[in-house]
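Bear in mind these aren't lab numbers, they're just calculated from the coordinates by the rules spelled out. Keep in mind the model is a prediction, meaning the values are calculated, not measured. Quick reminder, even Gly has a Cβ in these numbers, built from the backbone with ideal geometry, and neighbours come from all protein chains shown.
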């Protein structure tokens, strides 16, 4: 059995999606990050970085209890444990890892900062919002171009590169659905990207995963100003 410490963020959604794809039994343990549960000692003993997702595999290598944090590391761990969704031959493996890294170092951080400055930042941060909006749009265009070269990000087959990326595209289209921006679902300017999203969302494992994800109630709406300051490391929690 695998314990998945979870919330509703796209980085956690990746792991729900992966676990459904590989068919490993798991138990979701919800962590209310808006109330600071990730900072409790019992959690930081498992992940000193105080973030979700985190997995505890009670049947890890050699039958040992194994803890893995950081979503990219978890995806690689689960792919290697199950023997699927990450090729072993170098010629096929490294394109997958390249596009996984694009998500980990580009899509996730840039989309996350865009979301922060769009929804949570105080007035007077126009430069930051413009900077991240521009970078998010560049990444959307990059993904669309790549999907004109291959049916999936890593090449001809569905892999952890796709699993890492699709929750971010889906989430952004839902969060900003009321805006007539480039992130809207089925934007005709990004036809290959949205055809790829549609193919993935039709997969049985994706249907199961997102049904479970959508059933989790986010507590962000009940977060106090101090809760927000703590998670964003600002106000009395700022260090600079």
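Listed values, structure above:
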read-out: Sequence of 237, 26, 114 once ranked by neighbouring C-beta atoms within 10 Å, starting from the fewest; value: 237, 26, 114
read-out: Relative contact order of the range 13-136, defined on C-alpha pairs under 8 angstrom at six or more residues apart (%); value: 16
read-out: Of all DSSP beta bridges in the chain, antiparallel share, percent nearest 5; value: 65
read-out: Shape call, the chain: gyration tensor on alpha carbons, a/c limit 1.5; value: oblate
read-out: Among beta bridges that DSSP assigns inside the range 2-84, antiparallel share in %, nearest 5; value: 60
read-out: Highest average packing first - 91-103, 61-73, Cβ atoms within 10 Å; value: 91-103, 61-73
read-out: Sequence-separation-based contact order of the range 126-206, relative, with Cα cut under 8 Å and 6+ spacing, percent; value: 28
read-out: Cα pair distances in the range 2-84, grouped into 5 Å bins until the bin that holds the longest one, percent each; value: 3, 15, 29, 27, 16, 8, 2, 0
read-out: Packing-based ranking, highest mean first, of 218-229, 12-23, 157-168 given that Cβ atoms within 10 Å are counted; value: 157-168, 12-23, 218-229
read-out: P(r) weight above 15 Å for the range 164-228, C-alpha pairs, percent; value: 62
read-out: Percentage relative contact order, the range 2-84, counting C-alpha pairs under 8 Å, at least six apart; value: 34
read-out: Most mobile of 208, 40, 145 in a GNM of the chain (Cα contacts under 10 Å); value: 40
read-out: Cα point-scatterer Debye curve for the range 90-202, base-10 log of I(q)/I(0) at q = 0.17, 0.18 Å⁻¹; value: -0.80, -0.89
read-out: Ranked list, fewest to most other Cβ atoms within 10 Å of each Cβ, for 117, 232; value: 232, 117
read-out: Ellipticity estimate at 222 nm from DSSP helix runs (n ≥ 4, -39,500 (n - 2.57)) divided over the chain, nearest 500; value: -15500 deg cm²/dmol
